[in-house]
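Read-outs: derived from the displayed coordinates by stated rules, not from any lab. Source: prediction; values computed, not measured. All Cβ positions, glycine included, derive from the backbone under ideal geometry; neighbour counts span all protein chains shown.
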Amino acid sequence: MELHTLTPAPGSNKSNKRIGRGPGSGYGGTSTRGHKGAKSRSGYSRKIGFEGGQMPLQRRVPKFGFKNINRVEYKALNLDALEALAAAKDLAKITVADLREAGLVSKNALVKILAGGTITRKIEVEADAFSKKAEEAIVAAGGTATKK
């Protein structure tokens, strides 16, 4: 094998259409652009969302609402879920790690304890946030509610 004998694989190199080079080429005249209209002109570019003059979708549909970038999302857990977890695993202190281990919250979720259900055990609860009633119920049962 020598350098001068190397050739590309058959079909790998295609020749370009030589557009606008006279009638003999077969691509002269309108140069494959059809007749007249904006698309046949040089420099034409269609606007994003253009629908041929029909009112575009983004202008037909009304604007409404907004998204608060400072919103903090919590995973809500009720007191009865804590009571059940404490009874099942015989826990005196429940942390966010315990809740993750039990599969009640996902890895990066912030946890807020709500006052649904009742609590009878004395439990130390550690979470990201508490509702007032939930905090009162935990303290009334003899436990403590600490924010992380």
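For segment 35-79, which residues satisfy the criterion of being surrounded by 10 or more Cβ atoms within 10 Å (Cβ to Cβ) and closer than 30 Å to T144 by Cα?
Y74, K75, A76, L77, N78, L79
Count, please, the residues in segment 87-106 that happen to be assigned to a helix (DSSP H, G or I), touching a residue at least 24 places away in the same chain (Cβ under 8 Å) and surrounded by fewer than 15 Cβ atoms within 10 Å (Cβ to Cβ).
Of the residues in that region, 1 qualify.
Show the residue pairs meeting these rules: Cβ distance below 6 Å; 6+ apart or different chains; first residue within segment 12-29 and without any contact (Cβ under 8 Å) to a residue 12 or more places away in the chain; second residue not in a loop (DSSP other than H, G, I, E, B).
Listed pairs, sorted by first residue: R18/S25.
Could you please find all residues in segment 107-132 being surrounded by 13 or more Cβ atoms within 10 Å (Cβ to Cβ), without any contact (Cβ under 8 Å) to a residue 40 or more places away in the chain and more than 30 Å from the chain's Cα centre (by Cα)?
Of everything in segment 107-132, those that are surrounded by 13 or more Cβ atoms within 10 Å (Cβ to Cβ), without any contact (Cβ under 8 Å) to a residue 40 or more places away in the chain and more than 30 Å from the chain's Cα centre (by Cα) turn out to be A115, G116, G117, R121, E124.
Which numbered condition in (1) part of a loop (DSSP other than H, G, I, E, B); (2) among the β-branched types (V, I, T); (3) touching a residue at least 12 places away in the same chain (Cβ under 8 Å) is the only one that I48 fails?
(3)
Given the conditions (1) of a type in the set (A, V, I, L, M, F, W, C); (2) assigned to a helix (DSSP H, G or I); (3) surrounded by fewer than 14 Cβ atoms within 10 Å (Cβ to Cβ); (4) touching a residue at least 24 places away in the same chain (Cβ under 8 Å), and given that L82 satisfies all but one, which numbered condition is not satisfied?
The failed condition is (3).
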